[in-house]
Ligand code: PXP
């Protein structure tokens, strides 16, 4: 049986703050507070907190990453694009985990997995530097053996399988995507990688994801923050962890 662990992505708590207080992190009025939110997620059973420091700083700010790194009782998983500026920040912050993702300025959220196989030259030095700093590197990839082979070649510790297509399709296409995720998890596990998953997982489709063999950690954000509006953050996290157990 899987013992699935939850990493809570708190980007959208920062989205709410930035909607009212952009550039005003020092204001006493600035809310909601990310460190307080992270502590609630931890108390509710999250094994880590995930944030995506985007090049455009649309939600998470540099200061958030440093404050979270200092305050978390569990671990910080920093999602980031492979750009020199953000790599330097990661090496200064030294989160427990880094998840490398593709990043496109115009997207609303991450679209698709990283083309690790097509970007070996650009990724090799970054993964090596992060590994040397003692950071676990994960690659956010499509459930595709070619991308998983690239993760092994790059000496990544984990892959995070992109579940966005699974979450956003119905019927045959949805089942085909679930099959791809299942097969990719078996393949990646067989090659010695830790297998995580994320994107678009919610309180309903978790029933299918929790049956996928070899999954270790799920990184889930939007559905938790949405549910928290109605039931509070702690209950929202607890409910999702209960759903992960089935
Ligand atoms: N994992 C990765 C790599 C992501 O980019 C995101 C979205 O920021 C998530 C997980 C969380 O996705 P969601 O907010 O849909 O749960």
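The values are calculated or read from the model by the stated rules, or taken from the named source; none is laboratory data. This one's a predicted model, so the numbers in the text were calculated from it and none came from an experiment. With ideal geometry, Cβ positions are generated from the backbone for all residues, glycine too; neighbour counts draw on all protein chains shown.
A quick yes/no check of all residues on (1) within 24 Å of residue 60 (Cβ to Cβ); (2) buried (at least 21 other Cβ atoms within 10 Å of the Cβ); (3) touching a strand residue (DSSP E or B) at 6+ places or on another chain (Cβ under 6 Å):
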site	(1), (2), (3)
126	yes, yes, no
134	yes, no, no
153	no, no, no
166	no, yes, no
208	no, no, no
218	yes, yes, yes
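Taken together, 236, 197, 185 contain a single residue that is more than 14 Å from the ligand (Cβ to nearest atom), under 19 Å from the mean Cα position of the chain (by Cα) and crowded, with 16+ Cβ neighbours inside 10 Å, which is 185. Just one of the listed residues (120, 191, 139) is within 11 Å of the ligand (Cβ to nearest atom) and farther than 30 Å from residue 231 by Cβ, namely 139.
Number of residues in segment 92-105 that are farther than 12 Å from residue 138 by Cβ and either touching a residue at least 24 places away in the same chain (Cβ under 8 Å) or more than 15 Å from the ligand (Cβ to nearest atom) (or both) equals 6. Listed by position, the helices (runs of 4 or more DSSP H) inside segment 149-240 whose residues that are farther than 29 Å from residue 122 by Cα number at least 3 are 171-190, 206-209, 222-231. Pairing residues of segment 50-76 that are under 18 Å from residue 32 (Cα atoms) with residues that are modelled with pLDDT under 95 and within 14 Å of the ligand (Cβ to nearest atom), at Cβ distances under 8 Å and at least 6 apart in sequence or on separate chains, gives 52/110. With respect to residue 55, determine if the residue is touching a helix residue (DSSP H, G or I) at 6+ places or on another chain (Cβ under 8 Å), assigned to a helix (DSSP H, G or I), over 15 Å from residue 240 (Cβ atoms) and within 16 Å of the ligand (Cβ to nearest atom). Criteria not met by residue 55. A count restricted to segment 200-227 and to residues that are farther than 14 Å from residue 47 by Cα, under 16 Å from the mean Cα position of the chain (by Cα) and near the ligand (Cβ under 10 Å from one of its atoms) stands at 7.
Counting only residues that are in a helix (DSSP H, G or I) and within 14 Å of the ligand (Cβ to nearest atom), segment 4-17 holds 6 of them. Cβ separations smaller than 8 Å between residues 6+ apart or across chains give the following pairs from segment 223-246 residues that are within 20 Å of residue 211 (Cβ to Cβ) to residues that are exposed (fewer than 15 other Cβ atoms within 10 Å of the Cβ): 239/231; 243/207; 246/207. If you check residue 118 against the conditions, is it surrounded by fewer than 19 Cβ atoms within 10 Å (Cβ to Cβ) and within 19 Å of residue 209 (Cα to Cα)? No; evaluated as a whole, the condition is false for this residue. Taking first residues from segment 149-170 that are under 14 Å from residue 201 (Cα atoms) and touching a residue at least 12 places away in the same chain (Cβ under 8 Å) and partners that are away from the ligand (no atom under 15 Å from the Cβ) and not in a helix (DSSP H, G or I), the Cβ contacts under 9 Å between residues at least 6 apart in sequence or on separate chains come to 161/212. So, of the residues in segment 18-44 that are in a helix (DSSP H, G or I) and more than 16 Å from the ligand (Cβ to nearest atom), which turns out to be farthest from residue 76 (Cα to Cα)? Result: 20.
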